[in-house]
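I have placed the structure first, in the form of structure tokens, so that the comments after it can refer back to it.
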2 protein chains.
Amino acid sequence: MDTVLRSRSNTVTIGADRPFCIIGERINPTGRKAFAEQLREGDLSTVTADATAQVQAGADMLDVNAGIPLVDEPELLKSMLRTVQDAVDVPICIDSSVISALEAGLSVYEGRALVNSVTAEDERLEEILPLVAQYGAAVIGLANDETGIPETPEKRLECARVIVGAAGDYGIAPEDVIIDPLAMTVGADTEAVTTTLATISLIRDKLGVNMCLGASNVSFGLPQRHVLNASFLPMAMAAGLTSAIMSTADPCVPAVRAADLLLGHDAWGASWIAAHRARQAALQEEATAAP
Amino acid sequence: MDTVLRSRSNTVTIGADRPFCIIGERINPTGRKAFAEQLREGDLSTVTADATAQVQAGADMLDVNAGIPLVDEPELLKSMLRTVQDAVDVPICIDSSVISALEAGLSVYEGRALVNSVTAEDERLEEILPLVAQYGAAVIGLANDETGIPETPEKRLECARVIVGAAGDYGIAPEDVIIDPLAMTVGADTEAVTTTLATISLIRDKLGVNMCLGASNVSFGLPQRHVLNASFLPMAMAAGLTSAIMSTADPCVPAVRAADLLLGHDAWGASWIAAHRARQAALQEEATAAP
């Protein structure tokens, strides 16, 4: 199944036989005090800088979140989306838990957005899916419901089925529902990652829909997070994950592109070799330009 | 199943619920012209240096191979094994396709060695397994037979069954047979890695024995080989691989130790955090020592 997202003039297709879709996680004030303060004051310069840097580092899409306590989130999200769309031409994942913010975001988005996110909770489904349908967007569905985050892959699959089913009721096709199998930190539960990997395999085998998760969650609270994330992503890709909201810092992007090649999604390593040659040429140029 | 290997005074146990066993690949003259020339001239200084460096970089065991055309391989392998055993105290994988070299190697080895390797070919089984039994060693069994390298996971499983069965006939327990599911380069076959991963899962589910492969094979002929290897290893570990003959260069070892943590084989990240603190302390010391 292919999920098609669009920016002003670019298209990104997420699918099981395609290169992995890297969604930059950085434009999010959660846990970024200075950034949150800037946004409160209407300073969007970091949004522009983060958008540009992440796309240069290899992001295929960007997540944009405006969740700051006591802020007019719909208005802020609109400003941030306009800023990102002016800076880069990649599809956006509009990220909010506030319905009015999602609606405001969709109203200014130019293209086909990914809405982040709905859950299997009745109320969320009833509120968010009509919006997704109205704007012809795609949606991320978190595999949890009213009872919280299921511990077993089977129960997460059940939540995923509920979401795909409800989406269908609103005329949203299965290929426009991307399931989040939920990645928790291994620092709090030694089985967190194996459960996530088993959930990914199960959803791939039983539902066949695209999947996306917040990859950095797995390393929360641990040292050398990027190294842990870079080790996690290839595992998740081999299990069937097709996209992630993730850091574009080294070594995360190279790990994903390497896994694309290893899993046969970069035939004969054409992209891998081209990227290597471009890096070599850039180094050569730098060396020549040096005084 | 646990495979127990020993050096003079150290023990390494390979098993599905344990940290991955890293076997340093470097002490092998194949494709190393200068090293081969040194060995021909009886200069073993690089053997000592490579042994020390690989163990410092995180190798749990070392592979030792003396395969140089027109050289007295049994004599050279003995010298190399003596040199390695004097340099480091980790178990060794005695690597040769020549029976007399394996026998010579086993005769000077102090501990419980891993013999690399037998195949499912009748003649190899009949020649090598008695030696393994006689010396109380463990053995790597390559999942191929007289007809070559099987294309399908099912046929590789069949080869593995033949080897485990034949080993039993010589009194070698299943836990002392480590199956090599065979890793080929993805540069020559885009399905090489997915076939290897499927083989690993299948052997884990059906036989439950330990597995080991030459991890660097997957990236042969491609640029940025270490990055590809570091992406491959976590995938293979998640599928059930329990050891590899591999490069100890960055980022391979960190990728493996990260995968240990993610897969729940480094409870609460104790080893990961300890390694991080040791690195921090070393950096601190360097900074303090600087003039």
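The values are calculated or read from the model by the stated rules, or taken from the named source; none is laboratory data. All values derive from a computational prediction rather than experimental measurement. As a convention, Cβ positions derive from the backbone with ideal geometry for all residues, glycine included, and neighbour counts pool all protein chains shown. With ligands, DNA and RNA removed, areas are computed over all heavy atoms of the protein, side chains included. Shrake-Rupley method; radii C 1.70, N 1.55, O 1.52, S 1.80 Å.
Points worth noting:
- Chain B packed on chain A takes about 2800 Å² of accessible surface away from a 1.4 Å probe, both sides summed.
- Residue-normalised accessible area of chain B, expressed per residue, 1.4 Å probe, Å²: 41 Å²
- For the range B:190-291, averaging the sequence separation of C-alpha pairs within contact (under 8 Å, six or more residues apart) and dividing by the residue count gives a relative contact order of 23 percent.
- With 20 Å² as the minimum drop in accessible area between chain alone and full protein complex (1.4 Å probe), the qualifying residues in the range A:263-291 are A:Leu263, A:Gly264, A:Trp268, A:Trp272, A:Ile273, A:His276, A:Arg279.
- Share of carbon and sulfur in the accessible heavy-atom surface of the range A:151-291 [1.4 Å probe, %]: 55 percent
- Sorted from nearest, the other copies put their A:Thr52 label points 4.9 nm away, the label point being 7 Å from Cα in the direction of Cβ.
- Anchor B:Lys155: lysines whose Cα lies under 24 Å away (excluding residues fewer than 8 positions away in-chain): B:Lys206
- Prolate/oblate/rounded call for the range A:1-129, Cα gyration tensor, a/c under 1.5 rounded: oblate
- Other residues whose C-beta falls under 12 angstrom from the C-beta of A:Asn144 contribute a net charge of -3, scoring Lys and Arg +1 and Asp and Glu -1.
- Within the accessible area of the range B:1-83 (1.4 Å probe), percent carbon and sulfur: 48 percent
- Relative contact order (%) - the range A:224-272, alpha-carbon pairs under 8 angstrom, separation at least six: 39 percent
- Here is how far apart the A:Pro69 label points are across copies: 7.4 nm, shortest first, using a point 7 Å from Cα toward Cβ.
- Net charge in the neighbourhood of B:Gly15 (other residues with Cβ under 10 Å of its Cβ; Lys, Arg +1, Asp, Glu -1) is -2.
- Projecting the Cα atoms of A:Pro130, B:Pro130, B:Gln85 onto the charge dipole of the protein assembly as shown (Cβ charges, centred on the Cα centre) puts B:Gln85 farthest toward the positive pole.
- Between the range B:145-213 and the range A:248-288, the alpha-carbon centres lie 31 Å apart.
- For residues of A:190-198, the mean tally of beta carbons on other chains within 10 Å: 3
- Relative contact order (%) - chain B, alpha-carbon pairs under 8 angstrom, separation at least six: 18 percent
- For the range B:225-246, a decrease in accessible area of 20 Å² or greater in the assembled protein chains relative to the isolated chain, with a 1.4 Å probe, applies to B:Val227, B:Leu228, B:Ser231, B:Pro234, B:Met235, B:Ala238.
- Listed by chain and number, the lysines whose alpha-carbon sits under 29 Å from that of B:Lys78, ignoring those within fewer than 8 places in the same chain, are B:Lys33.
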